[in-house]
1. Give me the residue from the range 149-164 that is touching a residue at least 60 places away in the same chain (Cβ under 8 Å) and farther than 11 Å from LEU188 by Cβ and, out of that set, surrounded by the most Cβ atoms within 10 Å (Cβ to Cβ).
2. Is it the case that LEU251 is within 14 Å of the ligand (Cβ to nearest atom) and farther than 18 Å from THR173 by Cβ?
3. For GLY135, are the conditions met, namely being closer than 30 Å to HIS294 by Cβ and either of a type in the set (D, E, K, R) or modelled with pLDDT of 90 or more (or both)?
4. I'm checking my understanding of the structure. Among residues of the range 177-215 that are in a strand (DSSP E or B) and away from the ligand (no atom under 13 Å from the Cβ), which one is farthest from GLN125 (Cα to Cα)?
5. Of the numbered conditions (1) buried (at least 18 other Cβ atoms within 10 Å of the Cβ); (2) acidic (Asp, Glu); (3) part of a loop (DSSP other than H, G, I, E, B), ASP219 fails exactly one; give the number of that condition.
6. Tell me, yes or no, whether the range 131-147 has at least one residue that is of a type in the set (Val, Ile, Thr), assigned by TED's automatic domain parsing to the domain that holds ALA241 and assigned to a strand (DSSP E or B).
7. Considering only residues that are part of a helix (DSSP H, G or I) and under 15 Å from ILE43 (Cβ atoms), which ones fall in the range 56-74?
8. Keeping to the range 162-175, report how many residues are within 13 Å of the ligand (Cβ to nearest atom) and touching a strand residue (DSSP E or B) at 6+ places or on another chain (Cβ under 6 Å).
Amino acid sequence: MHAESPNIGQVDQVVQALKGLADPTRLRLLSLLRHGELTVGEICRVVGQSQPRVSRHLRLLSEAGFLDRFREQQCVYYRTPATGARSGWVRELLASVDSRDPALQRDQVRMAVVVSDRGRTAAGQLGQSSPSEAGDAGLAAVLHEELGPMALGELLDIGTGAGRMLEMLGAQTSHAVGIDLSSPALRLARTRVHGRGLAHCEFHRGDMYALPFESAAFDTVTIDRVLAAAERPVAVLTEAARTLRAAGRLLVVERFDDIEACTGANPLQSLRAWLDGSGLRLTRLRPCDLASGHHLLAVAQHAVASAAGAQ
Ligand SMILES: C[S@@+](CC[C@H](N)C(=O)[O-])C[C@H]1O[C@@H](n2cnc3c(N)ncnc32)[C@H](O)[C@@H]1O
């Protein structure tokens, strides 16, 4: 998903890259886009410049590998790279820029307005179906009990919706990606998760039946209230298992009543059967009562990893 970065060790390429940065607006754009993913239109509103001017600066920064660019339906989003050599370089460079600079501070204030407008619109389009904060707080506590304090590494959240999993777990990851088919949901997720300072979390439009990732790319994969409504839950889990590293952990959260309503069978048995069908080994299955209802939480691993853990 990242733009191909030139080798930063080669002198002429480093000079070329530095030339790409040597402009006050481009530095301003980098400083802005390290806080999250913005569309060209949103960036224009924040910096108060015309689209052709802003697009030219964005193109130069992208070509030098300092910005990632991706399309989501009719919108093109930009952000600083969340991983790779250029992400470290951007971090170090921006650390030496005074964040109290009036232009940068003005950008921050305008960005907050633009992002909150986006959140309101997206929430309206979704009919705001987010669960209560109290329910989330209960789930966050259970997740931390089950996963422990250890770092979650690279995390993928499948069917991320408004991004509540990444809001709860993002701080424990080195890099996280939320995938969903719904653009309004992704817009809301960006607003909420990046608004909490978790800019290392990325959001992309993608299909859970054909995930746009290589095999064994993630240490942790989460699927929160997605399987019960899925036409083919075993296919979703099989695809999730493909992206999970050998020692990785898959975490599934489902509402008890939703599984019962869609399968007509005992939800514990249904969840077990789905996981068996995907080739993963269930290592933990736990019912939990949250303010938002009775839930099941399952942790699964590749069979080899769970056997090693049991020794
Ligand atoms: C009930 S919501 C759960 C959202 C989030 N995980 C949470 O718990 O708040 C289910 C999500 O799955 C997404 N979804 C449904 N089918 C999908 C597919 N084929 N690929 C990716 N996401 C999908 C929906 O757009 C929706 O955001």
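1. Only one residue tops the list, namely ASP157.
2. Details: within 14 Å of the ligand (Cβ to nearest atom): yes; farther than 18 Å from THR173 by Cβ: no.
For LEU251, the condition - within 14 Å of the ligand (Cβ to nearest atom) and farther than 18 Å from THR173 by Cβ - is not met.
3. Numbers: closer than 30 Å to HIS294 by Cβ: yes; either of a type in the set (D, E, K, R) or modelled with pLDDT of 90 or more (or both): no.
So GLY135 does not fit the description; no.
4. Filtering the range 177-215 down to residues in a strand (DSSP E or B) leaves 177-180, 201-205, 207, 210.
Next, from what is left, pick out any that are away from the ligand (no atom under 13 Å from the Cβ): 201-202.
Values: CYS201: 23, GLU202: 21 Å.
Looking at residues that are in a strand (DSSP E or B) and away from the ligand (no atom under 13 Å from the Cβ), I get CYS201.
5. All conditions are met except number (3).
6. Of all residues in the range 131-147, those of a type in the set (Val, Ile, Thr) come to 142.
Right, trim to assigned by TED's automatic domain parsing to the domain that holds ALA241 and you get 142.
If we keep only those that are assigned to a strand (DSSP E or B) too, we end up with none.
No: zero hits.
7. At the first step, the residues of the range 56-74 found to be part of a helix (DSSP H, G or I) are 56-63.
Correct list: ARG56, HIS57, LEU58, ARG59, LEU60, LEU61, SER62.
8. As a first pass, look at the range 162-175 and keep what is within 13 Å of the ligand (Cβ to nearest atom): 162-169.
Now restrict to residues that are touching a strand residue (DSSP E or B) at 6+ places or on another chain (Cβ under 6 Å): 163, 165-166.
Residues meeting the conditions: 3.
The values are calculated or read from the model by the stated rules, or taken from the named source; none is laboratory data. Keep in mind the model is a prediction, meaning the values are calculated, not measured. Neighbour counts run over all protein chains shown; Cβ positions are idealised from the backbone, glycine included.
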